Amino acid sequence: MKVSDQLEIFGLDATKRMAEAGATTRAGKSKLLRQVEVAHDLMSSLPSSDDLAFLHSGLCQTCLPHSRPTSNRAVWTRSSGRFSLTVNPGMIDERPIAARQRQPTLDEQEAMYVGVPYGSRARLIMLFLQSEGIKSRTVSLGPSLSAWLRSLGLPISGGPRGSIIAIREQSLRIARCSMTMQWSETEGGTERTMIADTRIVDGLELWQSASGTDWCGTVELSDRFFQQLRQHAVPLDKRGIAHLAGNSLGLDLYALLAYRLPKLRRDLHLRWDALQGQIGAAETQTFNLAYRIRAVMPDVAVAYPHARVEVTPHGLLLKPSPPAVPKTVVPGFRLVESHTNVLTKD
């Protein structure tokens, strides 16, 4: 039985007692109690304006790599039904100024590719950029991003092994990559293929102190991505995101369910092979992805307590569910039917 079901039936105190009784280790007890507390918070209070996050509907249906790709030149693709996403890595010339006056060697050209963004940090940065980008095209990094990550419970530290270096790397990958979103529409019996090429940001400015402990900077979302985001933004609850912050697959499942479940009119069974094309990454066998999804689904159910999802032997059974963020909390947005069935602003 899901934690949310236990809370509805037995209440908070009794659910905590059951969690304590079901744990076999101190760490297991702490984890179960944390799940109960997070689910209770999400079920008993609506998200505030500070709890709202947004993600482009196309990025809810597909995903970035979960781990570092073997090559920085590698192109990343994922698909979901008629929708597909292609992420092309960008380049930056970090050679000394004098060396930039000559044609780069093949090895130097290889080193110029910064790679596509990957992992949980990249997803959290993308969420930050789009959540802030709903308000303004110009987004402050550095202190603002660090504060946002800290609010999710993630430590921010400088130095050679600190998290700031990793965050800067993923910010650079995001800033330099370009995306192609492709989908098909059927109108009057004729199928049309639509393609939208876009960069997420027009530029990136970073600064780091000599000690490596401070950094700041700004990005400006590209006008095309900014306009698409305002038309295709899916609202998410930052409290649920915080619970999944260190798990890239959990974040992908949460975003996918937040996008799909509220629009369903009947049950939908997503088989493992379909999920492999959407949110699978390095797994070459569907049973590996199935194992990972089964392991993370209890935490996804805590982050989205009203999600009606069952894990079956062959995939996930999705059932019509209330949205992760009630529509009354996000005034000015409404659900529409289109090629992606996304939220669009009135």
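The number of residues in the stretch 206-245 being closer than 23 Å to L52 by Cβ and either open to solvent by less than 40 Å² (accessible area, probe 1.4 Å) or modelled with pLDDT of 90 or more (or both) comes to 21.
Entry remark, the stretch 246-257: residues being open to solvent by less than 10 Å² (accessible area, probe 1.4 Å) and not in a helix (DSSP H, G or I) number 0 in total.
In the stretch 266-281, the count of residues that are in a loop (DSSP other than H, G, I, E, B), open to solvent by 20 Å² or more (accessible area, probe 1.4 Å) and at pLDDT 95 or above is one or more. Can you name the helices (runs of 4 or more DSSP H) wholly within the stretch 1-76 that have at least 3 residues being open to solvent by 40 Å² or more (accessible area, probe 1.4 Å)? Output list reads 3-10, 12-22, 26-44.
Criterion applied to S146, S120 was being open to solvent by less than 40 Å² (accessible area, probe 1.4 Å), touching a helix residue (DSSP H, G or I) at 6+ places or on another chain (Cβ under 6 Å) and part of a helix (DSSP H, G or I), and the one residue passing it is S120.
Yes/no per residue for (1) open to solvent by less than 50 Å² (accessible area, probe 1.4 Å); (2) part of a strand (DSSP E or B); (3) closer than 26 Å to Y113 by Cα; (4) out of contact with any Gly (no Cβ under 9 Å at 6 or more places or on another chain):
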position: L154; (1), (2), (3), (4): yes, no, no, no
position: G159; (1), (2), (3), (4): yes, no, yes, no
position: A166; (1), (2), (3), (4): yes, no, yes, no
position: Q170; (1), (2), (3), (4): yes, no, yes, no
position: A175; (1), (2), (3), (4): yes, no, yes, no
position: M179; (1), (2), (3), (4): yes, yes, yes, no
position: E185; (1), (2), (3), (4): yes, yes, no, yes
position: T193; (1), (2), (3), (4): no, yes, no, yes
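Can you work out which of the residues in the stretch 283-300 that are of a type in the set (V, I, T) and in contact with a Phe, Trp or Tyr (Cβ under 7 Å, 6 or more places away or on another chain) is surrounded by the most Cβ atoms within 10 Å (Cβ to Cβ)?
Once the filter is applied, the top-ranked residue is V300.
Just one of (1) open to solvent by 40 Å² or more (accessible area, probe 1.4 Å); (2) modelled with pLDDT of 95 or more; (3) under 24 Å from A53 (Cβ atoms) fails for A303. It is (1).
Quick one: in the stretch 86-117, which of the residues that are closer than 23 Å to A245 by Cα and in contact with a strand residue (DSSP E or B) (Cβ under 7 Å, 6 or more places away or on another chain) is surrounded by the fewest Cβ atoms within 10 Å (Cβ to Cβ)? My answer is V87. Of all residue pairs spaced 6 or more apart or on separate chains, those with beta-carbon atoms under 8 Å, a first member in the stretch 310-327 that is closer than 19 Å to A39 by Cα and β-branched (V, I, T) and a second member that is in a loop (DSSP other than H, G, I, E, B) and open to solvent by less than 40 Å² (accessible area, probe 1.4 Å) are V325/P47.
The values are calculated or read from the model by the stated rules, or taken from the named source; none is laboratory data. Predicted model only: the values in this text are computed from it and were never measured. Don't worry about glycine lacking a Cβ; one is built from the backbone with ideal geometry, like all the others, and counts go over all protein chains shown. Surface accessibility is based on the protein's heavy atoms, side chains included, excluding ligands, DNA and RNA. Shrake-Rupley method; radii C 1.70, N 1.55, O 1.52, S 1.80 Å.
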